[in-house]
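Have a look at the structure below before the remarks.
The values are calculated or read from the model by the stated rules, or taken from the named source; none is laboratory data. Values in this document were obtained by computation on a predicted structure and should not be read as measured data. Note that we place each Cβ from the backbone using ideal geometry, even for glycine, and neighbour counts take in every protein chain shown. Side chains included, ligands, DNA and RNA excluded: accessible areas come from the protein's heavy atoms. Shrake-Rupley method; radii C 1.70, N 1.55, O 1.52, S 1.80 Å.
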Amino acid sequence: MSSYVYMKVLESTPERYDRGMRLLSRGRIDGLWEAVAERAAAPGRRVLDVGCGTGGVTLACARRGARVTGLDKDAGMLAVARAKAAAAGLAVDWLEAGVMELEDVVEPGGFDAVVSCLAMSELLPEERAYALARLARALAPGGLLVLADEVRPAGRLARLGWSLARAPRAALTWLLAARLTHPVDGLADEARAAGFVDVTEERLPPGDFALVSARAPAPPPEVRP
Amino acid sequence: MTLPGRFLPWLRDTLLRMFPHATRPGLRRIGRPGPDAPVLLTGNFTLTVARLERVLAGRDAWLLVADSHGINVWCAAGGGHLTHHDVIAVIRSSGIGERVAHRRLWLPQLAATGVERRVVEARTGWRADWGPARLEDLPAFLDRGERVARRERTMRFPPWERLEMALVWAAPTTLVAAAALVPLVGIAAALAGALSIGLVIFGIFAALPRLPVEGPRRWLTYAGGALLAGGLAAGADALLGGSGHAGWLLGAATLAMLALSVDLAGTTPWYASTINSAGNRFDLVLDRERCTGAADCVRVCPRDVLRMDGRERKVRIAEPEACIRCGACVVQCPEDALFFRFADGRVAPPAQVRATRMNMLGRRAVPVPTDEAPRSS
């Protein structure tokens with residue numbers, strides 16, 4: 001009962017998620033979605049968007065002609081994503097499942113690319129390790145992985161400045177959408193540990209978004225259930 | 001321990017408990033659990049986990065803490081923050097399967113508005129069942145050989161809990177009232193005003209369920225509360241030698257009662273939330289043709305609204321007046337035989353309730369689907 005009041009104020013937040021994310025990223029979120037899609041999507045390519053939320057990256061990939069599957073555990077977010085896809089006249093397969101249920105809903109090796117934007121940071125480290133191994137299995141041999149997440153800039157002073165500049169926007173975003181992104185460090189190393197090869201990391205200016213690209217090894221590693 | 005080390009957790013767990021507070025999700029041990037020890041699940045609201053560890057002290061059990069975003073189980077499930085996806089995630093990431101020889105998971109009954117038990121079972125191979133609604137019933141439940149008694153499914157509202165919820169409302173209300181009144185009426189009268197408001201709030205919680213706090217009749221309660229608090233404060237002010245402040249004091253009491261009216265009902269286990277209905281009242285409907293007597297709904301109802309009709313092997317809505325429209329039965333029914341109907345005839349079908357939970361359900365009415373119109377008994 002006790003969080004009732006709080007919950008009431010923030011309800012039906014999926015509808016406000018996109019606005020919240022634009023605010024938190026100072027309008028750069030659309031650019032991030034496009035940057036991910038540019039690397040992963042091409043006409044006819046089978047792309048899986050893990051933690052697709054309201055479908056920002058999913059639709060960016062679909063617009064580039066890819067055959068996209070959007071996966072998210074939040075039915076409310078998926079409802080917003082479906083409405084956006086219908087309005088844009090784009091065909092996307094939507095799956096309601098968490099990253100930890102990937103093996104239940106997709107065939108191994110069924111995708112040429114797996115993308116995930118601001119979703120890996122939502123997981124606990126042990127969940128990320130489990131999930132990354134499953135992402136490798138969902139990919140065809142040599143398939144492409146593109147992860148985008150918020151990172152903190154290197155250096156103590158830069159971090160302090162980043163935290164101070166972010167705090168008021170984070171508070172507003174939380175009030176608006178009841179959600180925040182969480183910076184995550186070391187995604188590239190975690191991808192390597194999960195068996196991915198050719199791992200590269202780019203920083204999008206001004207340096208607080210990281211794009212990690214990697215390839216699934218061939219043949220895919222065995223994962224014990 | 002330092003003073004802030006003691007004071008801040010106390011503040012968090014009392015006055016600030018309407019805000020979420022997260023502890024780390026994952027697997028915890030209670031005592032020295034072995035491969036046959038029971039596996040219990042909860043959300044990661046700090047206060048809940050601490051209370052669970054306290055009531056289960058001296059026993060051996062595995063505790064799976066699912067990520068409910070630091071919100072208590074009932075609110076998290078009702079708001080879509082604790083679903084079967086979170087339960088499946090913690091089963092898989094915690095490695096509990098390697099620690100126990102069995103595959104039986106006890107879910108908190110109040111998670112039934114968000115966690116679809118059958119999906120957990122289908123995807124993990126674990127058998128998932130509903131434990132008692134309240135964590136303080138867990139010791140008795142375990143002693144009985146992991147069986148839930150009917151009274152443990154029904155929500156009580158014991159005095160200590162009323163006190164806690166009254167405090168959650170009274171603390172901010174009296175603080176704001178005192179701060180606003182001081183420049184208007186002076187310190188003594190402001191204190192009298194704030195204390196009277198606080199006293200009336202405790203009184204309302206103590207008098208439940210005898211005072212109406214939902215429906216149009218709730219305005220009688222709040223108007224009475226405003227008059228009582230304003231009158232008490234004005235009387236105290238007069239005794240203290242003040243004069244001419246009665247208007248301000250009554251005004252402050254009225255504003256405080258208006259604040260309570262926003263959703264006092266929703267912060268109790270006995271009433272439907274005012275806000276979720278968004279002014280569009282809806283009621284539970286059972287399609288008896290579809291009912292196969294699976295009784296999932298009976299096991300998750302926290303108000304003992306639904307009962308099995310033994311002769312017909314079907315469920316009936318036995319106590320419609322007690323229904324708090326939490327949606328647990330609608331979400332769990334394997335036959336989609338339960339749904340909500342609004343006063344204007346439109347409905348919230350099970351798929352809608354499962355997608356949005358109770359969030360502003362009053363705004364989400366849809367016309368009765370023509371191809372498969374739900375029937376009511």
If B:L41 passes every condition in (1) within 16 Å of B:W106 (Cβ to Cβ); (2) open to solvent by 20 Å² or more (accessible area, probe 1.4 Å) but one, which one does it miss?
(2)
Among B:R313, B:R299, which is within 19 Å of B:R288 (Cβ to Cβ), at pLDDT below 95, charged (D, E, K, R) and open to solvent by 40 Å² or more (accessible area, probe 1.4 Å)?
B:R313
Could you check, for segment A:29-37, whether at least one of its residues is in contact with a Ser or Thr (Cβ under 8 Å, 6 or more places away or on another chain) and open to solvent by 30 Å² or more (accessible area, probe 1.4 Å)?
no
Tell me whether segment A:54-62 contains one or more residues that are within 13 Å of chain B (Cβ to nearest Cβ) and either crowded, with 23+ Cβ neighbours inside 10 Å or not hydrophobic (A, V, I, L, M, F, W, C) (or both).
no
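Out of everything in segment B:111-129 that is hydrophobic (A, V, I, L, M, F, W, C) and open to solvent by 20 Å² or more (accessible area, probe 1.4 Å), what residue ends up being nearest to the chain's Cα centre (by Cα)?
As a first pass, look at segment B:111-129 and keep what is hydrophobic (A, V, I, L, M, F, W, C): B:111-112, B:115, B:119-120, B:122, B:126, B:128.
Then drop every residue that is not open to solvent by 20 Å² or more (accessible area, probe 1.4 Å), which leaves B:119, B:122.
Details: B:V119: 23, B:A122: 27 Å.
Among them, the one singled out is B:V119.
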Give segment B:60-105 a look and list any residue that's surrounded by 24 or more Cβ atoms within 10 Å (Cβ to Cβ) and more than 12 Å from chain A (Cβ to nearest Cβ), or say none.
B:L105
Pairs with Cβ under 9 Å, 6+ apart, first in segment B:125-142 and on the phi > 0 side of the Ramachandran plot, second open to solvent by 30 Å² or more (accessible area, probe 1.4 Å) and in a loop (DSSP other than H, G, I, E, B)
B:G125/B:R103
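What are the residues in segment A:176-219 that are small (G, A, S) and at pLDDT 75 or above, if any?
A:G186, A:A188, A:A191, A:A193, A:A194, A:G195, A:A210, A:S213, A:A214, A:A216, A:A218, listed by residue number.
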With respect to the numbered conditions (1) free of Cβ contacts under 8 Å to residues at least 40 places away in the same chain; (2) at the interface with another protein chain (Cβ under 8 Å from one of its Cβ atoms), which one is the sole condition not fulfilled by B:A57?
(2)
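With A:G76, A:G51 as the choices, which residue is surrounded by fewer than 24 Cβ atoms within 10 Å (Cβ to Cβ), closer than 24 Å to A:L204 by Cα and within 14 Å of chain B (Cβ to nearest Cβ)?
Values: A:G76 fails: closer than 24 Å to A:L204 by Cα.
Unique residue meeting the criteria: A:G51.
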